[in-house]
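Engineer: Let me begin by handing over the structure; questions about it come next.
Each reported figure results from applying straightforward, stated rules to the coordinates on display, with no laboratory input. If you're wondering where the values come from, they're calculated on a predicted model, not measured in any experiment. Quick reminder, even Gly has a Cβ in these numbers, built from the backbone with ideal geometry, and neighbours come from all protein chains shown.
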Amino acid sequence: MTFTVSPKLDEKFTTLLFWLDSHQLRHQRSNLDKVNLTDDFYNDCRPHIFAFQQTRKQTENLEPVIRLSKAQKDELNNHFNQQQGLDIKGDDLLHAQKNPASFLRELSWQQLPNEVLAFYHPFHFTAKEQWGIYLNADEILGYCDRMYAQSAHLRIWNKEILLHLLVFDIFQHEFYHHLVESAATHMEVLSAAFGQPRSIYLDYKKRQYNKQLSHPHQPLEEALANAYAYNALSFICRRKIGYTTAAVRTFQQAIKQGWKSEPAGYRDAALYIGKRNIAGNTSLLEQMLNAPGCANQVPLSSISKNLMPNGYSALKSKPEIPTYVIGSISSIAKLNEVIPALNETYTQLFWPYNHSEQDSQLQKELQRYKMGSV
Ligand SMILES: [Zn+2]
């Protein structure tokens, strides 16, 4: 028997892509510079591919978003220190934090499905230097203007902070699509280890495209992507306190109410928030394995809770996943101006604005609330 001390195939991502290629598990049809936009295959993301091609005509190199150094972040904090522009008072912040549904009352955002604003281009479909997440600056800025117009009267955020919240939400949704592709890839590798490599991802996408997947909340992947972004916001609330918590909880409630206006699948996200994502992800694993009902006999739920798709099973982490901003040059510049630390914003909800006044007002209100005087 021969033991593997140093396997010939290492853990590098490029090795994985090479292996997928050599087993015909990827196809190369969609080099984004060359795709034929009349092909029905691109129905869902045609406007983004058009935006990509236009952006490439205007900029020599389309570079992925990069992380800032600690010194650069500190410099931003100093630069933006005085620019908060918030005039919400402590009692309203307490209301927003404690009962966002009542705080929002009749707010009903006319939300767009995420793929109008951004898209994930899988590495199974494309030239390897083009896969990743694409944020469409024109669409995102226009969307933020419309959402702000509908919610400005609440004063819980200004337009800059709302844009940060939207970009975080949009990115997290698209990152979920990477988690799904990562999960399928792990299955492909494991299937080959059992002797017969199976095409999991391309076959699953083909069944999805041909509407051969049956589930009451189809496309289930979109419902789960919306829910994943919502859950990522909950995680931020656990780490940050003060004004940010009130703003994030209000934003979560607003998007939850807005899901109702979205297309099938997307609109069903509320059924999969919190721990309910486990059941949803179990159904998605059944879809990827093309084994409907299999979770009744095989504990796939254990896989969905502990293994994949979840943040730890991603082939690329959030800060590392190639992410590009596309659109008109003026919109790209505007997005970068308002969100000067884009990578930190979409991964951690960093913003450089000072809201210490709102933080302390909320703290005082929370103290009064605990004492029973509110
Ligand atoms: Zn999506």
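Engineer: What residues have an amide H closer than 5 Å to that of Q111, excluding those fewer than 5 places away on the same chain, when H is modeled at 1.01 Å from N in the peptide plane?
Structural biologist: S261
Engineer: Give the distance, in whole Å, between the Cα centre of segment 315-374 and the Cα centre of segment 78-124.
Structural biologist: Rounded to whole Å, the Cα centres lie 10 Å apart.
Engineer: Working out 0.36 nm times the residue gap between S373 and K98, then minus their Cα-Cα distance, what length gain in nm do you get to one decimal?
Structural biologist: Net length gain for the segment: 97.5 nm.
Engineer: Full-extension gain between N306 and N43, please, as 0.36 nm times their residue separation minus the C-alpha to C-alpha distance.
Structural biologist: Residue separation times 0.36 nm, minus the Cα-Cα distance, leaves 91.2 nm.
Engineer: Assuming 0.692 mPa s and 37 °C, estimate D for the chain with Stokes-Einstein, Rh taken as the Kirkwood radius over Cα pairs, in µm²/s.
Structural biologist: Translational diffusion coefficient: 148 µm²/s.
Engineer: Taking 0.36 nm per residue of separation and subtracting the Cα-Cα distance, what length does fully extending A270 through L154 add?
Structural biologist: The span from A270 to L154 would gain 39.4 nm if fully extended.
Engineer: Right, something else. Starting from the Cα of D203, step 7 Å along the direction of its Cβ; do the same at K260; then give the gap between the two resulting points in nm.
Structural biologist: Distance between the two pseudo-spin positions: 4.1 nm.
Engineer: Something else: Return the whole-Å distance between the Cα centroid of segment 251-285 and the Cα centroid of segment 158-208.
Structural biologist: 16
Engineer: Helix 243-258 against the longest principal axis of the chain: what's the angle in degrees, Cα atoms only, rounded to the nearest 10?
Structural biologist: Approximately 60 degrees, to the nearest 10.
Engineer: Right, here's the next one. Based solely on its DSSP helices, what 222 nm [θ] is calculated for the chain when runs of n ≥ 4 H residues each add -39,500 (n - 2.57) and the sum is averaged over all residues, nearest 500 deg cm²/dmol?
Structural biologist: Here the helix-only value at 222 nm equals -16500 deg cm²/dmol.
Engineer: Let me ask another. Give me Rg/Rg_expected for segment 178-298, where Rg uses Cα atoms only and Rg_expected = 2.2 N^0.38 Å with N residues.
Structural biologist: 1.22
Engineer: Ok, one more. With charges only on Cβ, +1 for K and R and -1 for D and E, what is the dipole size of segment 70-149 about its Cα centre, in debye, rounded to 20?
Structural biologist: Approximately 240 debye in magnitude.
Engineer: Here is a further query. Please go through segment 1-81 and write out the trypsin sites (Lys or Arg not before Pro) that DSSP classes as loop and that have at most 15 other C-beta atoms within 10 Å.
Structural biologist: K8, K12, R29, K34, R67
Engineer: Along the charge dipole of segment 46-370, pointing to its positive end and built from +1/-1 on Cβ of Lys, Arg, Asp and Glu, which listed residue (Y201, L289, I88) has its Cα farthest out?
Structural biologist: About the Cα centre, the residue reaching furthest to the positive side is L289.
Engineer: Right, next: Write down the percent of antiparallel bridges among all DSSP beta bridges whose residues are both part of the chain, to the nearest 5.
Structural biologist: For the chain, the DSSP antiparallel bridge percentage is about 50.
Engineer: Right, here's the next one. Report, in degrees rounded to the nearest 10, the 0 to 90 angle that the Cα long axis of helix 137-151 makes with the longest principal axis of the chain.
Structural biologist: 40
Engineer: Could you check the simple spin-label distance between L68 and D21, using points 7 Å along Cα→Cβ, in nm with one decimal?
Structural biologist: 3.7
Engineer: Another question about this same structure. Could you compute the FRET efficiency for N77 and F235, with r as their C-beta to C-beta distance and R0 at 30 Å, rounded to 0.05?
Structural biologist: About 0.85, to the nearest 0.05.
Engineer: For a Förster distance of 45 Å, can you work out the FRET efficiency between the beta-carbons of K12 and E106, rounded to the nearest 0.05?
Structural biologist: The pair K12/E106 has a calculated efficiency of 0.30.
Engineer: Charges at C-beta only: +1 for Lys and Arg, -1 for Asp and Glu. How large is the resulting dipole of the chain about its Cα centre, in Debye rounded to 20?
Structural biologist: 840
Engineer: Just to confirm the filter: which GluC sites (Glu not before Pro) across segment 35-136 are DSSP coil and have at most 14 other Cβ within 10 angstrom of their Cβ?
Structural biologist: When the GluC sites (Glu not before Pro) of segment 35-136 are filtered for loop state and at most 14 Cβ neighbours within 10 Å, E60, E106, E129 remain.
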